[in-house]
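Working notes for the structure below.
The values are calculated or read from the model by the stated rules, or taken from the named source; none is laboratory data. Small disclaimer: the values here were computed from a predicted structure and weren't measured. Note that we place each Cβ from the backbone using ideal geometry, even for glycine, and neighbour counts take in every protein chain shown.
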Amino acid sequence: MRYALIGCGRISANHVVSAMNNNLEIVALCDIIRENAEDKILKFDLQDKNIKIYTDYKEMVRQERPELVAIATESGKHAQIALDCLDYGCNLIIEKPIALSIADADAIIAKATKKNLQVCACHQNRFNKSIIEIRKALEKKRFGKLLYGTAHVRWARDHEYYDRALWRGTWEQDGGALMNQCIHNIDLLRWMMGNEVDMVFGMTDRMIHPYIQAEDLGIAVVKFKNGSYGIVEGTTDVYPKNLEETLYIFGEKGMVKAGGQAVNIIDEWRFSDHFGDEEQIKQECSENPPNVYGFGHSKLYRNVIAAVEGKEKLVVDAEAGKRALELVLAIYKSAAIGQPVKLPLKECSTIDFEGRFD
């Protein structure tokens with residue numbers, strides 16, 4: 001399967017490795033800074049693979065006609081690039097978030113449906129061993145009645161992090177801690193708790209990062225339509241380094257906690273049915289990745305390839321990407337107006353909140 005990558009920055013290495021691990025034919029890399037693409041070819045010793053380098057993604061897809069394209073640019077460019085690539089018949093993997101507005105997410109979904117193309121939102125933590133095991137327990141109804149779940153991202157991002165890419169923390173191209181750092185866990189929380197949200201009440205603030213436009217702290221309470229609740233906490237203010245990313249699920253007959261750097265470790269596993277050895281599950285379903293990106297990208301790629309070939313359904317489709325985006329935007333909107341917000345959101349975009357903390 002012919003594959004190309006658009007955007008060769010911080011996360012691109014995970015995409016290149018995943019393409020290699022899944023035996024994709026890497027035909028091209030694209031970045032507006034040519035040296036970024038050249039660096040990936042050298043880093044992964046791909047000089048003999050005849051990989052073309054482009055600085056114009058439209059020229060790349062027109063010339064190379066890849067069957068699968070990964071988009072890993074700054075967030076604010078995801079939607080337009082995705083729509084253009086769909087016009088050329090490309091199946092897509094879009095790094096989170098899928099877009100920065102409800103309208104753009106809807107446009108991607110509509111065009112992909114019309115053209116019968118696969119679009120995956122890159123929420124790779126769904127493929128963590130810990131998350132897969134929790135999902136199995138959920139689908140087997142081991143929790144009984146769902147009560148509430150909590151998603152915490154307690155990380156650190158300093159001035160240097162934002163200086164390395166000036167789009168970070170801007171309303172036009174990014175958003176804040178919830179949109180950039182916490183959206184993976186927000187995706188997991190919504191997915192686990194039944195997806196359908198009734199209302200959200202949120203508060204956001206910019207506490208110690210005056211040089212960014214968006215929030216560095218977000219807190220929210222979510223009411224799901226099935227009667228359960230969710231709590232979201234996302235921050236980049238932790239001193240002096242990343243602390244944890246955790247997901248708790250509390251049910252009438254069971255509870256679990258996934259923790260570690262990026263919900264990659266099972267810390268608690270308690271069920272009234274006592275099925276399976278608790279300590280064995282903790283050991284077998286825990287991983288120790290070198291960074292917060294985890295090991296999920298290659299597994300996500302495997303699922304996307306199978307979906308393109310008609311063998312599987314996407315685990316994280318464009319609708320799932322929209323749901324994660326919608327929940328973040330609902331928190332932003334609630335915080336801005338000081339009132340609960342009902343879902344679904346008909347219209348909302350990060351740029352609606354420009355000047356929020358000025």
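Rundown of residues vs (1) over 17 Å from the mean Cα position of the chain (by Cα); (2) under 21 Å from Gly149 (Cα atoms), yes/no style:
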position: Ile219; (1), (2): yes, yes
position: Val238; (1), (2): yes, no
position: Glu244; (1), (2): no, yes
position: Gly251; (1), (2): yes, yes
position: Arg270; (1), (2): yes, yes
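If you scan the range 28-38, which residues turn out to be farther than 17 Å from Tyr3 by Cβ and within 25 Å of the chain's Cα centre (by Cα)?
Answer for the range 28-38, where residues must be farther than 17 Å from Tyr3 by Cβ and within 25 Å of the chain's Cα centre (by Cα): Ile32, Ile33, Asn36.
Which pairs turn up if I take residues in the range 235-254 that are under 12 Å from Arg157 (Cβ atoms) and modelled with pLDDT under 95 and look for partners that are buried (at least 21 other Cβ atoms within 10 Å of the Cβ) and of a type in the set (Asp, Glu) with beta carbon separation below 6 Å, at least 6 apart in sequence or on another chain?
Close Cβ pairs (under 6 Å, with a partner that is buried (at least 21 other Cβ atoms within 10 Å of the Cβ) and of a type in the set (Asp, Glu)) do not exist here.
Suppose we filter the range 21-54 for residues that are surrounded by 17 or more Cβ atoms within 10 Å (Cβ to Cβ) and not acidic (Asp, Glu); how many remain?
Looking only at that region, the number is 14.
Go through the range 28-50 residue by residue and tally those that are closer than 19 Å to Ser298 by Cβ and aliphatic (A, V, I, L, M).
Residues meeting the conditions: 2.
Step by step: first the residues of the range 155-208, then only those that are of a type in the set (Ser, Thr, Tyr) and surrounded by 18 or more Cβ atoms within 10 Å (Cβ to Cβ), then the one that is nearest to Val221 (Cα to Cα). Which residue is that?
In this case the residue turns out to be Thr204.
Residue by residue through the range 301-342, note down the ones that are of a type in the set (A, V, I, L, M) and farther than 15 Å from Val197 by Cβ.
Val304, Ile305, Ala306, Ala307, Val308, Leu314, Val315, Val316, Ala318, Ala335, Ala336, Ile337
Of all helices (runs of 4 or more DSSP H) completely enclosed by the range 246-358, which ones contain at least 2 residues that are buried (at least 21 other Cβ atoms within 10 Å of the Cβ), outside the structural domain of Asn23 (by TED's automatic domain parsing) and polar (S, T, N, Q)?
none
List the residue pairs whose Cβ atoms are under 7 Å apart, where the first residue sits in the range 49-60 and is touching a residue at least 24 places away in the same chain (Cβ under 8 Å), the second is charged (D, E, K, R) and part of a loop (DSSP other than H, G, I, E, B), and the two are 6 or more positions apart or on different chains.
So the pair list comes out as Thr55/Asp31.
Report yes if Arg142 is in a loop (DSSP other than H, G, I, E, B) and in contact with a strand residue (DSSP E or B) (Cβ under 6 Å, 6 or more places away or on another chain), otherwise no.
Working: in a loop (DSSP other than H, G, I, E, B): yes; in contact with a strand residue (DSSP E or B) (Cβ under 6 Å, 6 or more places away or on another chain): yes.
Answer is yes for this residue.
It is to be established whether one or more residues within the range 208-220 are of a type outside the set (A, V, I, L, M) and farther than 27 Å from Arg168 by Cβ.
no
State yes or no: is Lys241 within 24 Å of Val316 (Cβ to Cβ) and among the basic types (Lys, Arg)?
Working: within 24 Å of Val316 (Cβ to Cβ): no; among the basic types (Lys, Arg): yes.
When the stated conditions are applied, Lys241 does not pass them.
Among the numbered criteria (1) out of contact with any Phe, Trp or Tyr (no Cβ under 6 Å at 6 or more places or on another chain); (2) surrounded by fewer than 21 Cβ atoms within 10 Å (Cβ to Cβ), which single criterion is violated by Glu74?
Failed condition: (1).
Taking the residues in the range 55-69 that are buried (at least 16 other Cβ atoms within 10 Å of the Cβ) and not β-branched (Val, Ile, Thr) as candidates, determine which candidate is farthest from the chain's Cα centre (by Cα).
Glu64
Go through the range 209-238 and report how many residues are assigned to a loop (DSSP other than H, G, I, E, B), surrounded by fewer than 16 Cβ atoms within 10 Å (Cβ to Cβ) and touching a strand residue (DSSP E or B) at 6+ places or on another chain (Cβ under 7 Å).
Selection size over the range 209-238: 3.
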